[in-house]
Structure formats: C-alpha cells, structure tokens
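Some notes on the structure that comes next.
The values are calculated or read from the model by the stated rules, or taken from the named source; none is laboratory data. Please read these numbers as outputs of a predicted model, since none were measured by experiment. All Cβ positions, even for glycine, are placed from backbone atoms using ideal geometry, and neighbour counts span all protein chains on display. Ligands, DNA and RNA are stripped out before the accessible areas are found, and what is left, the full protein with its side chains, is counted by its heavy atoms. Shrake-Rupley method; radii C 1.70, N 1.55, O 1.52, S 1.80 Å.
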Amino acid sequence: MKSAYRYLISLVIVASALLATGCMTSSSTEVTDRQSSVSGDKRYESLLVLAVTANRAYRDATEKALADSLIDRGFRVFRLPGDSAELPWDDKAAMKELVSKQAKAGKTDGVLVVTLVRREDEKNYVPTQVVQRPVSVGIGTQVNNYMQTTVEPGYYNEKKVFVLKTTLYDVETEQAVWELYSNTVNPASLSAGAHDFAAAVAEVLSDDVKHGE
C-alpha cells in the first residue's frame, strides 16, 4: 500500500514538473516601445509589407503572418514580388528604389518594414531540489504518518528572445512615421513566432493609424 501510494505521489510530481517546463517554453510577443508622428488626418488604407531578410523561409513566414493579421483589421496589404535571393539586399539605394517603385505602382499609402535588431539567448540552470511532504496512510487507529521525500532533478531553462523593429514609411514623403519595438520570446516554431509577432504589431498599428471604414 505504501509503495503504491508513493508511486502515485511521484507521478503527480513528475507531471507537475513537465507542465511547468512546457509553460516556460510557450511563445509570446511583448511590445516594448512605440513612437508615432502620423498626422491626425492621414489615412493608411493600403500597405506594402517587407521583412528585411534574404532567408526565404523567414521572409515568407513573417510577411504572410503580418499580411493576414493586417487584413483581418481592415488594411489592404501587398508584398514585394520576386525571390528573396534575387533582391538587392546589399545595395541599399537599389533596394530603396525597388521598394518605392513597387509601392507607388501599387498605389499603397505606406511601406511596413520589419528588421531583426538582435537575438538574445539565455541559459539558466535550475538546481536539484529535495522536497519533503507529510503523508498519511490508513484509516482511524491504523493511520501511519511519514515524510515523502522526492528529488526533483536540476534542469536548464533556455530562453530565446528575438528583438524586432517594425517601421511604417509614408510613400509620398518616404519618411518614417511610425515605429515599434517588440520582443518575441521562445517561439515554438517559425510559424508560431511569426503569428505572435504579427498579431501584436497589427493590433497596435490598427489603433495608431486611421484606415478602413
């Protein structure tokens, strides 16, 4: 009886530890700063979105997630055509001209540019813990009391933070009119991280600029 009870207690403790570990690795995005100089009467109905990266998978995931989130909030959204590897990433003047030309051809009001500021990796060790819990087994006068001792092994808690900057440029003036910094923490996957990031950015931009009906 005692051995079965101890086994049950151990299973509960292990399950709790796994649940806690799973929670720590969940993906989330936090807006850390934003600045806006958008004119009160200016409307941004149509946007061209661009993730500044030559990595095709990163660019596609980020731009698609951002476009979907913005469309859900009433914006019209376009993306720059062409394969990422063919774009002039190393030539800033050529890239600016290409984006400006495409934005004006599409009659967009603004260009929303996403850039990776930095990636931060943290690895913290949580030491082994010995936990004692009082346990009572039996009924009435047959009750036996003892201390249940459980050793919770140490583990490493890894934290990955992607710091991103999102900037809105006015197509007519070619000036930055809105800027947002965000931290995406422990993305479970590229798709999940892009979705969390896009939802956070679209929500703030939707509140800050006039658009839609």
Greater than 25 Å apart at Cα, pairs in K42/K165; K101/K160; K92/K123; K159/K210: K101/K160; K92/K123; K159/K210
Solvent-accessible area of K101 with every protein chain in place, 1.4 Å probe, in Å² to the nearest 10: 150 Å²
Projected area averaged over orientations for the stretch 146-213, convex hull of C-alpha atoms, nm²: 9.0 nm²
Taking all pairs of distinct alpha-carbon atoms in the chain, Kirkwood radius in angstrom: 20.6 Å
In sequence order, calculated HN-Hα J values of the stretch 76-93 (Karplus, 6.51, -1.76, 1.60; Hz; x Gly/Pro): 9, 10, 10, 10, 6, x, x, 6, 4, 5, 8, 7, x, 4, 7, 10, 4, 5
Gained length - M147 relative to K210, 0.36 nm times residue gap less alpha-carbon distance: 16.3 nm
Mean ellipticity per residue at 222 nm, deg cm²/dmol - from DSSP H runs of n ≥ 4 across the chain, formula -39500 (n - 2.57): -11500 deg cm²/dmol
Cβ-Cβ FRET estimate between K101 and A188, R0 fixed at 41 Å, reported to 0.05: 0.65
Largest to smallest accessible area among E158, E45 [probe 1.4 Å]: E158, E45
Calculated FRET value between T173 and E120, using beta carbons and R₀ = 25 Å, to 0.05: 0.15
Taking the convex hull of Cα positions in the stretch 66-110, its mean projected area over all directions (nm²): 3.6 nm²
Probe 1.4 Å - accessible area at R56, Å² to nearest ten: 140 Å²
Kirkwood-Stokes translational diffusion coefficient of the stretch 83-138, alpha-carbon pairs, 25 °C, 0.890 mPa s, µm²/s: 142 µm²/s
Gap separating the Cα centres of the stretch 48-68 and the stretch 162-190, nearest whole Å: 12 Å
Rg/Rh (Cα only; Kirkwood hydrodynamic radius) as it applies to the stretch 79-183: 1.48
List W89, W178, ordered by accessible area with a 1.4 Å probe, largest first: W89, W178
Positive-end residue of S189, A93, I139, charge dipole of the chain with Cβ unit charges: I139
